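To start, the structure under review is shown below, and the notes come after it.
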Amino acid sequence: MKTAVLVFPGSNCDRDLAVALEAVTGTAPAMVWHGETELPAGTGLVAVPGGFSYGDYLRSGAIAARSPIMRAVVEAAGKGLPVLGVCNGFQVLTEAGLLPGALMRNGGLNFVCRDVALTVENGDSAFTRRYATGETIRVPVAHHDGNYFADDATLDRLEGEGRVAFRYGEAVNGSARNIAGLLNDRGNVLGMMPHPERRIETAHGGDDGRRLFEGLVEAVGA
Amino acid sequence: MKLQIFVTLKPGVLDPQGRAIHHALGSLGFAGVDDVRAGKVFEMEVADNTDDAAIDAMCRQLLANTVIENYRVVKA
């Protein structure tokens, strides 16, 4: 499967995502610079990496969300292309309107960098199919702006539609209803603050993140 | 034409930064500060014939995230 990792000025988890994708697909992803206007032909999955795109200027992910390549990603996502956004990638996807709500400064104002417990709330999506609903996994977070906000009506709708993919099993950043990862209405876009790409082999201290990538490859098809 | 665009958090959206600033003012001994909300101001120089619809679009599409923020335009 051909995959693509977006690269913005200030991205710093792009190579981690590339390693994870190559580990499960056997093929190195295309690294696509933000100024490009099209995704490589045949791209079956786009990953939007963590980091500090454009120095977090204006709001985290705000400038990256308006970059040329994101126009192509929004269009492709509308046609069903799977898009994974991790950490800053999640912020970019909300700013681009692919996911509802916003990610604000952490409730405690601290940068939070540690392993956290996540509950898999929906094990049926393309991203979570290798996990069981209700399963607890451990992956790291490393962010300053992971405090998920949406109004109550939106939160109720997201919960009702099974779009909360992952929930923190502990207080982490003040997120509404402890939301850690969210799907779009069609189920082909996932944004999450924790970093599954940092837990793909036991040498990382655990491999709970690996199944996300394996499930995606399985769902999208080789 | 000079513009000042004020972007502030919507009422009801928690503002941990404002709360920390509020706390620090208290630490400095300033009494009677009931609340602090942090926001942003953009000072812009735009063509004189820039219409209100275009200014509004700039605010909605980039300067403010209307999920969490309100904006107010002041023409100087």
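Every number in this text was worked out from the coordinates using simple rules, so none of it is lab data. If you're wondering where the values come from, they're calculated on a predicted model, not measured in any experiment. Heads up, the Cβs are rebuilt from the backbone with ideal geometry, glycines too, and the neighbour counts pull from every protein chain shown.
Just want to confirm a number: the relative contact order over chain B, from Cα pairs under 8 angstrom separated by 6+ residues, in percent.
Relative CO of chain B lands at 56 percent.
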Under 5 Å, built H, 5+ apart or other chain: amide partners of A:TYR148
A:MET104, A:SER175, A:ALA176
Report ³J(HN,Hα) in whole Hz for each residue of region A:100-105, in order, from the Karplus equation J = 6.51 cos²θ - 1.76 cosθ + 1.60 where θ = phi - 60°; Gly and Pro get x.
x, x, 8, 10, 10, 3
Short version: ³J(HN,Hα) in whole Hz for each residue of region B:6-11, in order, from phi by Karplus 6.51 cos²θ - 1.76 cosθ + 1.60 (θ = phi - 60°), x for Gly and Pro, what are they?
9, 10, 10, 5, 5, x
If packing is taken as the mean number of other Cβ atoms within 10 Å per residue, what is the order of A:70-77, B:1-8, highest first?
A:70-77, B:1-8
Residues with amide H under 5 Å of A:VAL5's amide H, sequence separation 5 or more or different chain, H placed in the peptide plane at 1.01 Å from N; which?
A:ALA30, A:MET31, A:VAL32, A:ALA47
The ³J(HN,Hα) series, computed from each phi in region A:35-51 with the Karplus coefficients 6.51, -1.76 and 1.60 at θ = phi - 60°, rounded to the nearest Hz and given as x for glycine or proline, is x, 5, 10, 9, 7, x, 4, x, 4, x, 7, 10, 10, 10, x, x, x
Take the Cα of B:ALA47, step 7 Å along the line toward its Cβ, and report every residue of region B:1-19 whose backbone nitrogen sits under 13 Å from that point.
B:1
In whole Å, how far is the Cα centre of region A:92-160 from that of region A:5-76?
19
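Using a 10 Å cut-off on Cβ atoms, rank the peptides A:95-104, A:132-141, A:32-41, A:160-169 from the highest mean neighbour count down. Show your work: numbers first, answer last.
Values: A:95-104: 22.8, A:132-141: 16.4, A:32-41: 13.9, A:160-169: 18.7.
Result, highest mean Cβ count within 10 Å first: A:95-104, A:160-169, A:132-141, A:32-41.
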Which residues' amide hydrogens lie under 5 Å from the amide hydrogen of A:GLU121, considering only partners 5 or more residues apart or on another chain, with H built in the peptide plane?
A:GLY134, A:PHE166, A:ARG167
Whether chain A is rounded, prolate or oblate, judged on the alpha carbon gyration tensor where a/c under 1.5 counts as rounded:
rounded
What percent does the relative contact order of region A:3-220 come to when contacts are Cα pairs within less than 8 Å and at least six residues apart?
20
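Using a/c under 1.5 as the rounded threshold, could you call region B:2-75 rounded, prolate or oblate? The axes a ≥ b ≥ c are square roots of the C-alpha gyration tensor eigenvalues, and prolate needs a/b larger than b/c, oblate otherwise.
Because a/c hits 1.5 or more and a/b exceeds b/c, region B:2-75 counts as prolate.
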